[in-house]
Amino acid sequence: EAGLLVFVNFITQCCGCKGVVTREMFDKMQHAEIINVLTKDFSEESVHYPLSSLGPQWKRFRTGLCELMQVLVFSCQNSLLYDDYLFSSLLDLLTGLSDSQVRAFRHTSTLLAMKMISAVVQVGVSVGTQLQTAQRRFDAESSKSPQDQATQRLEELQAAIKELLEHREDVRSLINAAMRGVFVHRYRDCVPDIRAVCIQELGLWLRTDPESFLKDGYLKYLGWTLFDKVTRTTGTRRQTTFQFLPVVMPIFMICLLFVLKGAM
């Protein structure tokens, strides 16, 4: 909990917020209450915060922030990722911040949540590969005659398969929670940069794990992107569409390949 509190304050500082979450606040208050306290000294309309700042140092800041989330997930992929506390608590906070009227909170938390899930998707692919390998070895051992079977080996493989199945469900739960809590609300945000974050990461998920994400439930979000309408903050629809083309076109090429493969 102490480590999570440090990370929570790190996130608020990355938003440009000078408020501090105390241990008492962390222990006694819900995330929504904490966010309300932090919001009091923050202008909802402020567009000046680290992620919106220009210059090479702020570009490095964004890169480092994204890499941090990846390193955090990868370093916990064999333990804390599945403990039902650290990452679920972190995602709950990011979900609350992403629903804030404060643009700095919304933008920063959306980026962190999407980057976290991108790393989780990669872990999910790894878990799936390990599960296939363990299942294949179990089937090979089971196919042997009873006198040739290694009972202890079968038990070990069974235990490994059970654990990997649980890990796969934990990964899916995190992804689904981020989709419901963050993505579906922010992919149509009034701020183009926030919309771009969501679609860019969705594109990465599709390329990383097409078996899981190349489905109507995810592809439907790309249709809206191509017909992104004019809002008070966007410029023209053409500008927004071109902003997403480098991400969208490779995805549609993947779809086309799958269609052609099925037709053969």
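Note down all Cβ pairs under 7 Å where the first residue falls in region 1-27 and is without any contact (Cβ under 8 Å) to a residue 24 or more places away in the chain, the second is among the charged types (D, E, K, R), and they're at least six residues apart or on different chains.
Partner pairs satisfying both residue conditions: L5/R23; K18/D41; G19/D41.
Are any residues in region 182-194 crowded, with 17+ Cβ neighbours inside 10 Å and either within 14 Å of T108 (Cβ to Cβ) or free of Cβ contacts under 8 Å to residues at least 40 places away in the same chain (or both), and if so, which ones?
V182, R186, Y187, D189, V191, I194
Restricting to region 78-112, and then to whatever is among the aliphatic types (A, V, I, L, M) and out of contact with any Phe, Trp or Tyr (no Cβ under 8 Å at 6 or more places or on another chain), can you tell me which residue is surrounded by the fewest Cβ atoms within 10 Å (Cβ to Cβ)? Full working, then the answer.
To start, the set of residues in region 78-112 that are among the aliphatic types (A, V, I, L, M) comprises 80-81, 86, 90-91, 93-94, 97, 102, 104, 111-112.
If we keep only those that are out of contact with any Phe, Trp or Tyr (no Cβ under 8 Å at 6 or more places or on another chain) too, we end up with 86, 91, 93-94, 111-112.
Values: L86: 18, L91: 22, L93: 22, L94: 26, L111: 25, L112: 26.
That would be L86.
Taking region 148-202 as the search range and keeping residues that are over 17 Å from S118 (Cβ atoms) and not in a helix (DSSP H, G or I), which one is farthest from the chain's Cα centre (by Cα)?
Out of the qualifying residues, it is D148.
Could you tell me which numbered condition E44 fails, if it satisfies all but one of (1) at pLDDT 90 or above; (2) of a type outside the set (A, V, I, L, M); (3) closer than 17 Å to T12 by Cβ; (4) not in a helix (DSSP H, G or I)?
The number of the failed condition is (1).
The values are calculated or read from the model by the stated rules, or taken from the named source; none is laboratory data. From a predicted model like this one, the values you see are computed outputs, not experimental measurements. Note that we place each Cβ from the backbone using ideal geometry, even for glycine, and neighbour counts take in every protein chain shown.
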